[in-house]
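Visitor: Here's a structure for you.
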Amino acid sequence: MSDIKIFCLEILLVLFTWSCAGDSSFEQLVPKTVAEDNSLPFFKLSNGIKLHLETFGNSTDTMLLVLHGGPGGDYQGLKKLQSLSNNFFIVFFDQRGSGLSQRLPIDQLTPDLMLNDINEIKQHFSPDKKIFLIGHSWGGALATYYVQQNPDKVAKLLLAEPGALYKQAAKVANTTAYQFSAKGLHQMLSSDQYLSYENDNIADYKMSVFVNSDIGDYRDFSSPDELRQLTFQRFGFFAGYQVNKWQGNFDESYEFDFASGVSESYTGKTMIVAGDKSQRLGYDFQYLYHRPKFRDCKVVKIENAGHYFIEINPSVSLPVIRNFFLN
């Protein structure tokens, strides 16, 4: 049986599983956000929006801000970076509409508003000092966008296999992945039946079933077994949908550019870390398409690793990350 046929059967199985739960039960099937559970650590923005946020380490040390992937994911897998809190003040947060952060109307889930959130967090925890910034996957693209718009606020930038930063890179990295899985799924879930603010619990649950299953683009992993090692606490469907639409990933227009001007305006050091087994966003792609966009950039290969080397290969990846920020 072909891979495509197997994939279609797996999708049908997932859809059948979804149909077994009535809409009223979805609220119990997803973790509560910080807007609903006051026991969760949070940061309140000036506009009242609550973001799920945790800090580790001494607040007098240099702030290291961590941006998770997705878009729509959460920072739980990246908490392996907590071990760096001996040297840095680590700040993890779920981006707006993602993870356990407050759910918002879809028009409030754009990358530009996410940059505003990062600025507020930076101003609160490190108002007078430049910060260190690390982003994984989509978080790496968002981190680059932040540096493009705020080059004087970041001292060092580490991109852990970032998603495509501009149109030409997106044509290579994004097209086949979205055609394979996410594009059709997003089109189905964003139909009139689901695309409404009131249905966040439903859409998040159904998206979480998908991303936590072993259905996916195996090219991001060193082996199919790696995919099964990953779990997301809660996946923000609408955040993922809106960012992908904003970028032009669905219609393949790719009308975004996070990298132009960075090499001229950003004077800090940059390191790109990539797995050698990640066929889509791995070492070769990063070296060819992303390295030239930065003035002072080194690309480091993590051996025998796929896209999620921080979560799955911390013994190899964390020393590389620590050395970059310390030296």
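Readers should treat all values here as calculations from the given coordinates under stated rules, not as data from a laboratory. Predicted model, so just to flag it, every value in this text is computed and none were measured. Cβ coordinates were reconstructed from backbone atoms using ideal geometry, including for glycine residues, and neighbour counts include every protein chain displayed.
Visitor: Say the cut-off is 18 Å between C-alpha atoms; which of K156/K277; K80/K269; K171/K245 go over it?
Guide: Flagged as over cut-off: K156/K277; K80/K269.
Visitor: Take the cross-link list K122/K206; K44/K79; K167/K298 and give me the ones stretching past 25 Å between alpha-carbons. Please list the in-between numbers first.
Guide: On the way: K122/K206 33 Å; K44/K79 21 Å; K167/K298 22 Å.
Check vs 25 Å cut-off fails for K122/K206.
Visitor: Taking 7 Å along the Cα-to-C-beta vector as the label spot, tell me the S46-R322 distance in nanometres, rounded to one decimal.
Guide: Result: 3.8 nm between the two label points.
Visitor: Something else about it: Using a cut-off of 9 Å between beta-carbons, work out the net charge of the residues near G236 (Lys and Arg +1, Asp and Glu -1, G236 not included).
Guide: Taking every other residue near G236 into account, the sum is -1.
Visitor: Take D107, D128, D117 and order them by how many other Cβ atoms sit within 10 Å, fewest up front.
Guide: D128, D107, D117
Visitor: For V300, enumerate residues with amide H under 5 Å from its amide H, sequence gap 5+ or separate chain, H modeled in the peptide plane.
Guide: Result for V300 returns I272, V273, A274.
Visitor: Would you please give the residues with an amide H less than 5 Å from that of V154, counting only those at least 5 places away or on a separate chain, with H modeled from the backbone geometry?
Guide: The list, which skips near neighbours in sequence, is I131.
Visitor: So, one more: Ordered by packing density, taken as the mean number of other Cβ atoms within 10 Å over each peptide's residues, highest first, how do 154-163, 50-59 rank? The partial results should precede the final answer.
Guide: On the way: 154-163: 25.3, 50-59: 18.2.
Taking the mean over residues of other Cβ atoms within 10 Å, the ranking is 154-163, 50-59.
Visitor: Pulled fully out, how much extra length does the chain show between D251 and N58, if you take 0.36 nm times their separation in residues and subtract their Cα-Cα distance?
Guide: Here the answer is 65.0 nm.
Visitor: Around A170, under 11 Å between beta carbons, what's the net of Lys plus Arg minus Asp minus Glu among the other residues?
Guide: -1
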